């Protein structure tokens with residue numbers, strides 16, 4: 001089959017999906033749902049106290065204040081109505097896609113399809129279709145990644161590379177004000193500097209810029225989260241880390257369907273090991289696309305579905321972690337690829353530090369790194385269009401469930 005047909009089919013799926021998202025957000029309930037009330041309250045607190053330590057210390061959820069600042073900027077248009085605030089996040093997603101396509105354009109053809117492939121990642125629909133906190137931080141971390149990659153392209157030009165990395169560090173600092181796990185990305189250029197000595201000075205500039213912007217927030221909080229959330233002490237939780245890599249691996253497959261990531265024996269062994277460990281520890285359960293399965297499965301089968309999904313995603317997490325480590329090692333001398341892979345590893349691993357809960361939204365924060373990691377693996381076959389449709393379909397159902405199943 002010619003590549004032309006799968007490309008056109010994939011592009012059609014993505015465009016239809018985007019318009020479906022716009023339509024669903026436009027028809028969404030004019031009331032705050034799920035976690036939206038927390039972030040609507042952020043905006044009210046900002047109105048009441050201004051951008052002051054009092055406001056920062058009054059935040060009643062774990063994320064930082066960036067989403068409140070962004071929504072306040074758009075207040076004259078949205079009047080802080082739920083549907084309007086959701087459209088702000090859709091607009092931020094469009095900006096994120098524009099930044100991604102600006103980089104992808106330099107890597108080859110069909111960059112618009114690759115950029116719009118953010119919709120193939122099911123979690124994108126929830127974080128950008130609802131008035132939640134992630135997408136504003138994701139936009140700035142995408143800008144940070146773009147500027148880093150541009151800086152790596154001019155390593156022989158001292159002043160230009162320093163300016164690119166300075167801008168990247170500033171953008172990362174702003175992103176950390178939105179979602180603190182992005183703090184882990186401050187160490188990525190330091191890792192690159194171990195491979196390429198020319199990155200040492202830019203890495204220091206990047207790190208200092210990110211630290212200079214983010215440390216004041218943590219000083220005011222006297223911790224990494226607002227005071228109201230500091231009773232939740234961090235600790236290592238391997239299960240949450242594996243689940244995060246499992247969701248990322250599933251999305252990677254949707255973006256770039258390949259039948260062989262690594263030798264089949266290794267994949268089978270990792271899946272079997274994690275399934276046995278999960279069963280022995282009491283069968284950790286998760287419920288992806290719960291609203292859909294609740295419609296078709298009797299209540300008595302839902303626990304079995306949760307345990308099966310838990311085992312599969314834990315196993316997939318072990319497989320994708322091994323695959324990503326292998327990819328990182330294989331391409332360690334390519335500073336662009338190493339930056340992308342190391343960033344993806346950092347964000348996917350962040351849920352390791354949260355023992356209290358795991359949400360696929362945490363993994364969604366790796367979106368720009370995931371798109372750029374998958375891009376070289378994409379093959380224009382019918383499989384690509386099919387998995388794109390599956391990913392967009394799951395995302396549509398997830399967002400629909402939050403809007404209309406309550």
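The values are calculated or read from the model by the stated rules, or taken from the named source; none is laboratory data. Bear in mind the structure is a predicted one, so any value in this text is a computation, not a measurement. Note that each Cβ is placed from the backbone with ideal geometry, even for glycine, and that neighbours are counted across all protein chains shown.
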Practice item. Within segment 152-166, track down each residue that is at pLDDT 95 or above and surrounded by 20 or more Cβ atoms within 10 Å (Cβ to Cβ). Key: 164, 165
Study note, to complete from the structure: Listed by range, helices (runs of 4 or more DSSP H) wholly within segment 1-84 having at least 1 residues that are closer than 18 Å to residue 135 by Cβ are 4-26, 36-49, 66-73, 75-78
Practice item. Scan segment 59-71 residue by residue and report those that are surrounded by fewer than 18 Cβ atoms within 10 Å (Cβ to Cβ) and at pLDDT below 95. Key: 60, 61
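Condition check ((1) touching a helix residue (DSSP H, G or I) at 6+ places or on another chain (Cβ under 8 Å); (2) modelled with pLDDT of 90 or more) across all residues:
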{"site": "182", "(1), (2)": "yes, yes"}
{"site": "190", "(1), (2)": "yes, yes"}
{"site": "203", "(1), (2)": "yes, yes"}
{"site": "216", "(1), (2)": "no, yes"}
{"site": "227", "(1), (2)": "yes, yes"}
{"site": "245", "(1), (2)": "yes, yes"}
{"site": "255", "(1), (2)": "yes, yes"}
{"site": "261", "(1), (2)": "yes, no"}
{"site": "264", "(1), (2)": "no, no"}
Study note, to complete from the structure: Among the residues of segment 75-89, the number that are buried (at least 17 other Cβ atoms within 10 Å of the Cβ) and either closer than 16 Å to residue 138 by Cα or within 23 Å of the chain's Cα centre (by Cα) (or both) is 7
Review point. Is it the case that residue 186 is closer than 27 Å to residue 51 by Cβ and surrounded by 20 or more Cβ atoms within 10 Å (Cβ to Cβ)?
Key: yes
Review point. Any residue at all in segment 103-119 that is farther than 25 Å from residue 184 by Cβ, modelled with pLDDT of 95 or more and under 14 Å from the mean Cα position of the chain (by Cα)?
Key: yes
Check your understanding: For residue 107, which of the numbered conditions (1) buried (at least 16 other Cβ atoms within 10 Å of the Cβ); (2) touching a residue at least 60 places away in the same chain (Cβ under 8 Å) fails to hold?
Key -> (1)
